[in-house]
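Participant: The following block contains the structure, expressed as structure tokens.
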Amino acid sequence: MAGVAEGCVIGVDLGGTKLLAGAVDEDGTVHHRTNRPARGLDQRELVEMVAHAVEGVRRSVGMDVEAVGFGIPCTFDARTGLAVQAVNLPLHDIRFADVMAERLELPVVVDNDANCAVLAEARAGAGAGCSEVAMLTLGTGIGGGLFLRGEVYRGFEGGGAELGHMVVDMDGRPCQGNCPNRGCLESVASGTALVREVSLAVARQPDTSIGHAMEAGRELTGPMVTEMARAGDPVARAAIETIGRALGVGLANIVNIFCPQVIVIGGGVSAARDLLLDPAREVMLRRALQPGRDEVRVEAAVFGAEAGMVGAAMLARERPSGVPSASPEGSDLAFLHREAE
Ligand SMILES: [Zn+2]
């Protein structure tokens, strides 16, 4: 177990279908990763599962853990510390930091999962050295994170920045989960949209390797589509290209509004790399304004699907103001008393 230095923290990234946790040492190296399914649980079961996963990592580490950082796919109200609304998980109005600090008897800090991901990529990943970074995490849904003027931007009361719920089609299909909107980017460019796209295409064109794999009983998932696309399956490739073009519309909006130096694409779907990013870049270049469109880089996350976990660990180490945190003795209300700017 060489390398787990003193000052170990645990980072947890909770997604719509799975949890990823790991211990991160002072050099930023991840140890003792664990994966847990998160589907089909109610809020109480979800909290139990998360606590068990953290306890498992903590036992594996075998030494003191200083704090735990959680990235969860939820909006926050930083005035009250409440995790308010999750689109793809049964989390609603829960003081997640307080609950976990009491349960784990450790200091806890909590932020939106994509805010964690953009922090990791801006500090040490695809946006290293940049002051203006935007991030989209393409998984069950689409998370959004903004790093502006060298800091994570969370909006007035902490509920930002849900870039996945920007509308790209005003009269489009209803968004998924608990989102009341229609035509959100998430409804056309997430992993869920990719699977839907493939499933419709296979019905029309069953005689390719992905159709045969499904007929043989393989479950249609995002990673399976990516694998088939890389192996040259035309249906899988076309579906990823469709998702990529939809993503490009979202990128054009981000470029026009924020003019970032880099937009980082993370989450499971980003494993498709240039099969996804090339059509996205092409559409963005056709639609966005100068000079932003010519300056911006569109890159896959350096930390891949681990960006959220790594960023959550960074938060655990720093426990900044502006995000809900708690210690076993109770809420750390520092975040409630920020100086008005
Ligand atoms: Zn939505």
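Participant: Which one of 208, 144, 19 has its Cα pushed farthest toward the positive end of the charge dipole of the chain, where Lys and Arg give +1 and Asp and Glu give -1 at the Cβ?
Facilitator: Of the listed residues, the answer is 208.
Participant: Using only protein heavy atoms and a 1.4 Å probe, report how much of residue 63 is accessible, in Å² to the nearest 10.
Facilitator: 70
Participant: Report the Cys residues of the chain lacking a disulfide-compatible partner, meaning no second Cys Cβ under 4.7 Å from their Cβ.
Facilitator: Lacking a cysteine Cβ partner under 4.7 Å: 8, 74, 116, 130, 259.
Participant: Report the full-extension gain for the segment residue 218 to residue 52: residue separation times 0.36 nm, less the Cα-Cα distance, to one decimal in nm.
Facilitator: 56.8 nm
Participant: Using only the alpha carbon atoms of the range 1-60, find the Kirkwood hydrodynamic radius as the inverse mean reciprocal pair distance, in angstroms to one decimal.
Facilitator: Averaging 1/r across every pair of different Cα atoms and inverting gives 12.0 Å.
Participant: Relative to the longest principal Cα axis of the chain, at what angle does helix 307-318 sit, 0 to 90 degrees, rounded to 10?
Facilitator: So the inclination is approximately 20 degrees.
Participant: Beyond 16 Å, what share of the Cα-Cα pairs of the range 219-267 is found? Please give it as a whole percent.
Facilitator: Distances greater than 16 Å cover 51 percent of the Cα pairs.
Participant: Calculate the dipole size of the chain relative to its Cα centre from +1 charges on Lys and Arg beta carbons and -1 charges on Asp and Glu beta carbons; express the result in debye to the nearest 20.
Facilitator: For the chain, the charge dipole is close to 860 debye.
Participant: If ligands, DNA and RNA are left out, what is the accessible area of residue 257 with a 1.4 Å probe, given in Å² to the nearest 10?
Facilitator: Residue 257 exposes around 120 Å² with every protein chain in place.
Participant: Still on this structure, please answer the following. Let me understand the range 146-207 better: what is its radius of gyration from the alpha carbons, and its Dmax, in angstrom?
Facilitator: 15.7, 52
Participant: Which residues' amide hydrogens lie under 5 Å from the amide hydrogen of residue 67, considering only partners 5 or more residues apart or on another chain, with H built in the peptide plane?
Facilitator: 10
Participant: Return the tail of the calculated pair distribution for the chain, meaning the percent of Cα-Cα pairs more than 40 Å apart.
Facilitator: Of the Cα pairs, 10 percent sit more than 40 Å apart.
Participant: Go through the range 87-133 and name the GluC sites (Glu not before Pro) that are in a DSSP coil and have 15 or fewer other Cβ atoms within 10 Å of their Cβ.
Facilitator: Those satisfying the criteria are 105.
Participant: So if I take the centroid of the Cα atoms in the range 159-232 and the same for the range 48-116, what is the distance between those two points in Å?
Facilitator: Going from one Cα centre to the other spans 28 Å.
Participant: Between residue 227 and residue 204, how high is the FRET efficiency from 1/(1 + (r/R0)^6) when r is the Cβ-Cβ distance and R₀ = 35 Å? Nearest 0.05.
Facilitator: Computed FRET efficiency for residue 227 and residue 204: 0.95.
Participant: Can I ask one more? Within 10 Å, count the other beta carbons around each residue, average over each peptide in 199-205, 214-220, and list them highest first.
Facilitator: Answer by packing, highest mean first, reads 199-205, 214-220.
Participant: Moving on to the next point. Kindly provide the Kirkwood hydrodynamic radius of the range 1-127 in Å, to one decimal, from all pairs of distinct alpha carbon atoms.
Facilitator: With all distinct Cα pairs of the range 1-127 included, I get 14.9 Å.
Participant: Order 96, 303, most accessible first, counting only protein heavy atoms with a 1.4 angstrom probe.
Facilitator: The residues order as 303, 96, largest area first.
Participant: Moving on. Quick one: net charge of residue 239's neighbours, Cβ under 12 Å, K/R +1, D/E -1?
Facilitator: +1
Participant: Determine the per residue accessible area of the range 95-174 with all protein chains present and a 1.4 angstrom probe, expressed in square angstrom.
Facilitator: 37
The values are calculated or read from the model by the stated rules, or taken from the named source; none is laboratory data. Because the structure is a prediction, the values reported are computed rather than measured. Here the Cβ is made from the backbone with ideal geometry for all residues, glycine too, and neighbour counts use every protein chain on show. Ligands, DNA and RNA are excluded from the accessible area calculation, which covers all protein heavy atoms including side chains. Shrake-Rupley method; radii C 1.70, N 1.55, O 1.52, S 1.80 Å.
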